[in-house]
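The values are calculated or read from the model by the stated rules, or taken from the named source; none is laboratory data. Predicted model, so just to flag it, every value in this text is computed and none were measured. Ideal geometry is used to build each Cβ from the backbone, glycine not excepted, and the neighbour counts take in all protein chains shown.
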Amino acid sequence: MKIKKEFIVKSILPVLVFLSALALRFALSPVGFHVDIFSNAGWGEWIGVNGTLGFYTNNIWVYSWPTQPPLVSLTYGFAYNLYIWFLELLRTSANTIVKYHLAPGHMLWWFRFVIWFDNPISTEIWFPYGFLVSIKSIAIIADVAIAGIVYWWAKKLKKNPLVWSAIYLFSPFTWYLSALWGQYDQVAYLFALSSFLLLIKFPVISPILMAISISLKPTTIIFVPLYLFLYFKRKPKVKTIIFGAGISIIVTYLTLRAFTTADLLIFVKEVLIPKIIYKAEFRVSTNAYNFWHIFTLGKALDQNTKFLFVSAKIWGLLAYTLISIKTFMQIKSLNYKTIFNSLFIIGAGSWLFLTNMLDRYFFAGVVGGLFVTMHHPKLFKYWLITSLIFGLNLYRGWWFPESLVFVKHALIDGNGIAGFFLSIANVWIYLIMAKNILRDKEIMRNEASRNIMVKPRLTR
């Protein structure tokens, strides 16, 4: 009886929790659609119908021209083909049920679902529900995959892996960003996180995943200095460096080449960079409850606005540099704990102090903080507060659902004074967590040498 109970707890219960989280996300995915996803759908449909050539030079768009990197655009095209494939599968199943009289009278719900899947969401917006959900499904799967890494790390630490993964899976910021908003921050972070973790045992594959992450979301470039520092601290062999860098370059090259037959450098300089990098003005802060929000209160100020005779952009770069140097100085060995600690300190610190940060860019810092709290449990209360603030920040960026009118008014009334205090709380919590992490470096190093430090033969 005891063995049966342990089997349920260790095997069946985790599957049920993960499936419940997956079902929750797919149930929420058709509830609301941000206008951004209509642009994404337009790009994916164009690629699905016309192919990739001429995509970035086409100037006829209903919502907006392409503003995402090529790999993301390819992902939207994949989502369109996924929708077409699944639609054909649904139609085949419905036809089979009717043809062979497999209880068609008792399966009206299934036929209604097939019709709903291919129905446009409105007369003005012709994209079918199934297509929009297919776009969100990629973010949803990445979201659940990150929870799988949370489970793995908690299990490695022997600290209630199911509880920690459930905390992630059911935290509002996770499903709000993937299932409701449909943003791909989880997708890029999944590849970035995997690239860091694979540094320890599979350094050949690691650079490829980092290249993919940056190609999906250029914002993950904030981790490149940390990645290079850890990569070379591992002292990889020359052939490992050449192979990893070579494959990364080839993958990036093929992704870019899929969209043009012209000179690649000219294409990047004259087409991609203006549309992707300079798609909007660079601001001090854009709806982000970070350090700069304390001074701007959400006003759209140019990032070159001066504070104490120096532009916000320079102050931000200076803070990022100091945070990175301080982090590098504390890294004495390459192990999972130092990776998670560093990802939090740099991920959260970059969002707090760099300029031109959007609300959702804090995702990397918040998730990094969750990994940290697993081996620093006393910091969990701080992480919980900042994760809830992040959820409010996302809601502030997209007022959905409108029924939460009391939350909306609480965040905007009084000239946004609530954002002022929430931003101060974010900075304060970050400083507390970072201070505790850096102060415990000796303890962390000792634990790492006993449990999860890289073996000497792997560091050669």
(request) Count, please, the residues in region 179-205 that happen to be within 18 Å of G246 (Cα to Cα), at pLDDT below 95 and not hydrophobic (A, V, I, L, M, F, W, C). (result) 1
(request) Determine which single condition T261 fails, assuming it passes every other condition in (1) β-branched (V, I, T); (2) surrounded by 15 or more Cβ atoms within 10 Å (Cβ to Cβ); (3) out of contact with any helix residue (DSSP H, G or I) (no Cβ under 7 Å at 6 or more places or on another chain). (result) (2)
(request) Take region 201-214 and flag every residue that is aliphatic (A, V, I, L, M), in contact with a helix residue (DSSP H, G or I) (Cβ under 7 Å, 6 or more places away or on another chain) and not in a helix (DSSP H, G or I). (result) V204
(message) Of the residues F371, F380, only one is touching a residue at least 24 places away in the same chain (Cβ under 8 Å) and closer than 30 Å to R439 by Cα; which?
(response) F371
(request) Filter region 299-353 for residues that are in a helix (DSSP H, G or I), closer than 21 Å to L197 by Cβ and among the hydroxyl-bearing types (S, T, Y) and give the result. (result) S324, T327, Y336, T338, S342, S350
(request) Kindly list the number of the only condition in (1) aliphatic (A, V, I, L, M); (2) over 26 Å from A41 (Cβ atoms); (3) touching a residue at least 60 places away in the same chain (Cβ under 8 Å) that fails for I149. (result) (3)
(message) Filter region 279-296 down to the residues that are of a type in the set (A, V, I, L, M, F, W, C) and surrounded by 14 or more Cβ atoms within 10 Å (Cβ to Cβ) and list them by number.
(response) F282, V284, A288, F291, W292, I294, F295
(request) Please find, within region 268-297, the residue that is farthest from L354 (Cα to Cα) out of those that are assigned to a helix (DSSP H, G or I) and in contact (Cβ under 8 Å) with a residue 24 or more places away in the chain. (result) V271
(message) So, in region 237-266, exactly how many residues are under 14 Å from P70 (Cβ atoms), touching a residue at least 40 places away in the same chain (Cβ under 8 Å) and not in a loop (DSSP other than H, G, I, E, B)?
(response) 4
(request) Of the conditions (1) closer than 14 Å to L226 by Cβ; (2) modelled with pLDDT of 95 or more, T338 clears all except one; give me its number. (result) (2)
(request) Taking the residues in region 155-187 that are charged (D, E, K, R) and in a helix (DSSP H, G or I) as candidates, determine which candidate is surrounded by the most Cβ atoms within 10 Å (Cβ to Cβ). (result) D185
(message) So, in region 258-301, exactly how many residues are more than 26 Å from the chain's Cα centre (by Cα) and charged (D, E, K, R)?
(response) 3
(request) Keeping to region 93-147, report how many residues are within 30 Å of A364 (Cβ to Cβ) and either modelled with pLDDT under 95 or among the hydrophobic types (A, V, I, L, M, F, W, C) (or both). (result) 14
(message) When you check L228 against the structure, is it farther than 27 Å from S29 by Cβ and without any contact (Cβ under 8 Å) to a residue 40 or more places away in the chain, yes or no?
(response) yes
(message) Looking only at residues that are β-branched (V, I, T) and under 14 Å from the mean Cα position of the chain (by Cα) in region 133-148, which one is surrounded by the fewest Cβ atoms within 10 Å (Cβ to Cβ)?
(response) I141
(request) Name the single residue, out of those in region 35-48 being of a type in the set (A, V, I, L, M) and modelled with pLDDT of 95 or more, that is farthest from Y129 (Cα to Cα). (result) I47
(request) Being under 14 Å from the mean Cα position of the chain (by Cα) and among the small types (G, A, S) narrows it down to one of G182, G130, so name that one. (result) G182
(message) Looking at region 48-83 only, could you name the residues that are surrounded by 14 or more Cβ atoms within 10 Å (Cβ to Cβ), of a type outside the set (S, T, N, Q) and in a helix (DSSP H, G or I)?
(response) G48, P70, L71, V72, L74, Y76, G77, F78, A79, Y80, L82, Y83
